[in-house]
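Each remark here refers to the structure printed beneath this line.
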Amino acid sequence: MPAVLLRRVLLLVALPLALARCGESERPNIVLIILDTARADRFPFDGYARPTAPNLEALAKEGAVYTQAFSAAPWTVPSHASLFTGQYPSLHRTDCGSLRLLDRAVTLAETLQAAGYRTVGHTANPWLGIEYNFQQGFGTYGETWREVPQGSEDTGAGLTNEKVLRFLRWRADNEDARRQPFFLFINYFEPHLPYHPPEPERSRFLRPGVDPERLKRLTKLGHPDEMRYIVGLSDLNDDDMAILNDLYDGEIAYADRRAGEVLSLLREQGILDRTIVAVAGDHGENIGDHHMMDHKLSVHDTLLHVPLVLRYPPRIRAGQSIDTPVQLHDLYPTLLGLAGVPPPQGVTIEAVPLPGTGLPGAPRPKDAAIIGEFVGPPVEFIKVMQELFPERDLSRYNRTLVAYRRGGYKLQWGSDGRHALYDIAGDPGEVHDLASAEPARVQEMVRQVQDWLNRPARQVHPKAHAAAGH
């Protein structure tokens, strides 16, 4: 038996005994950290040259990195709904038309809570608030965004960590609490517009010689400036965009620092190795890419390609870099499987366990499509844009989009009949639209998208609260 495999077997045998001696639950804890609006190409473990994420880079070396991870949606509400349900947006139907997570959804937190987990969540993103029902299944759910002082450079990560670290220290001192495994969900909002990283991250990534007044203006650039840019009315120039990119990198680094604090305490308390840790972006960001800003109205890879790291020494071999295409919401069956919690019964799950985990179950077929959806029409977005810019024709944005990646090509399908085709192997930046040059390929992939949108699962609504134990 290879030495590495032998060590893993011994760990699996010894771990329950060690846990019993220290009063810990035999089931692993779970920590799910989402870096809101974090795109994959800004992380060293995904090939970025700047040292934006030293803590997560260290974590990646101790677990598995998924270099081809894609979100099911390009913005917060549908992406998290997919992450929490294991379904694509066109099935869970939490998107532009209905921003509230449906009561009938059976969430990851609900399933873990029914299995005996203490469920704790903290979000700095108002889109994930109780108003939108994302607290479903959490025994404790904090909305840090409500407490952030006006004008604060920290958009909630510091306050979130105060609460998270307090919980972990309380648990360490409470024998009864230690007998119960926990599921901890954290959303750090930092990389979201506006970009105003605190020090020292700001100076570490900002190019020298930037005019202070210019910097002050750009750190305040937020809504509706992103819409002004999209409709072609912005005065931002190339130098401005370069500075915004520096500030964005600083925000990634600051979120990494805060994530590192949580990981350090878990290690200090001696529970990191019996905790499943997943860190990911929920979606990416356009910072001038494709003539877009923010993460609206687009299904380019700048929005769908996200970082994903998974660490759990008893089951996941350290140092893996996995280039198999995966979906972010594959975390749903993966976290349940690693925790030994059966999936909810009577519920459609459109995700598979991540490779490299040794979990049973059929993997996603090699020729299966990787899909991202912007389910429209985006009524509220367009309404706001029309009020702000009444002189602009916004009809081109009034549609549903589907990113359909298969066989080395990616189709950006539009419900209005406007489609774009990219050879993603030769043109990963999605610069050269091949739709007019390859009409037959477009036609075939359009048919496949339409079959996808009419799939049988969409004709059956998920059963309410069918999780085990409910």
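The values are calculated or read from the model by the stated rules, or taken from the named source; none is laboratory data. The structure displayed is predicted, hence computed values, not measured ones. No Cβ is skipped: glycine too gets one built from the backbone with ideal geometry, and neighbour counts run over all protein chains shown. In case anyone asks, the SASA skips ligands and DNA or RNA and just uses the protein heavy atoms, side chains included. Shrake-Rupley method; radii C 1.70, N 1.55, O 1.52, S 1.80 Å.
Table for the structure above
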read-out	value
Bins of 10 Å, starting at 0 and running to the largest distance - Cα pair percent for the stretch 77-133	23, 55, 21, 1
Label-point separation, residue 147 to residue 26 (7 Å along Cα→Cβ), nm	3.7
Virtual paramagnetic centre 7 Å along Cα→Cβ of residue 131, amide N under 15 Å, in the stretch 89-119	98-101
Cα→Cβ-extended label distance, 7 Å offset, between residue 415 and residue 49, nm	4.2
Pairs of Cα atoms farther than 24 Å apart, the stretch 27-175, %	43
Compactness of the stretch 136-253 as Cα Rg over 2.2 N^0.38 Å, two decimals	1.38
The stretch 288-335 versus the stretch 40-91: alpha-carbon centroid distance in Å	3
Charge dipole magnitude, Cβ of K and R +1, D and E -1 - the chain, Cα centre, debye nearest 20	1740
Translational D in µm²/s for the chain (Stokes-Einstein at 25 °C, 0.890 mPa s, Kirkwood Rh from C-alpha pairs)	107
Pairwise FRET efficiency - residue 58 versus residue 242, Cβ, R0 = 25 Å, nearest 0.05	0.30
FRET efficiency, residue 261 to residue 318 (Cβ-Cβ, R0 25 Å, nearest 0.05)	0.70
Backbone HN-Hα couplings from phi across the stretch 99-115 [Karplus 6.51/-1.76/1.60, Hz, Gly and Pro as x]	7, 8, 4, 5, 4, 6, 5, 9, 8, 4, 5, 4, 5, 5, 4, 5, 8
Extension gain from residue 383 to residue 203, taking 0.36 nm per residue of separation minus the Cα-Cα distance	61.0 nm
With all protein chains modelled, accessible area of residue 127 [1.4 Å, Å²]	80
Inter-site label distance for residue 100 and residue 223 at 7 Å from Cα along Cβ, in nm	1.9
Kirkwood Rh and Cα Rg combined as Rg over Rh, evaluated for the stretch 264-386	1.04
Residue-averaged 222 nm ellipticity for the chain, from DSSP H runs of 4+ at -39500 (n - 2.57), nearest 500	-10000 deg cm²/dmol
Residue-normalised accessible area of the stretch 62-106, given per residue in Å² at a 1.4 Å probe	19
Long-range amide H partners of residue 421 with built H, under 5 Å	412, 434, 435
Residue-span extension gain [residue 367 to residue 454] - 0.36 nm each, minus C-alpha spacing	29.4 nm
Radius 14 Å from Cβ of residue 420, net charge of other residues (Lys, Arg +1; Asp, Glu -1)	-1
Proportion of all alpha-carbon pairs of the stretch 337-470 beyond 18 Å (%)	68
Carbon/sulfur fraction of accessible area - the chain, other protein chains in place, 1.4 Å, %	53
Amide H contacts of residue 276 (H built 1.01 Å from N, under 5 Å, at least 5 apart or other chain)	29, 30, 31
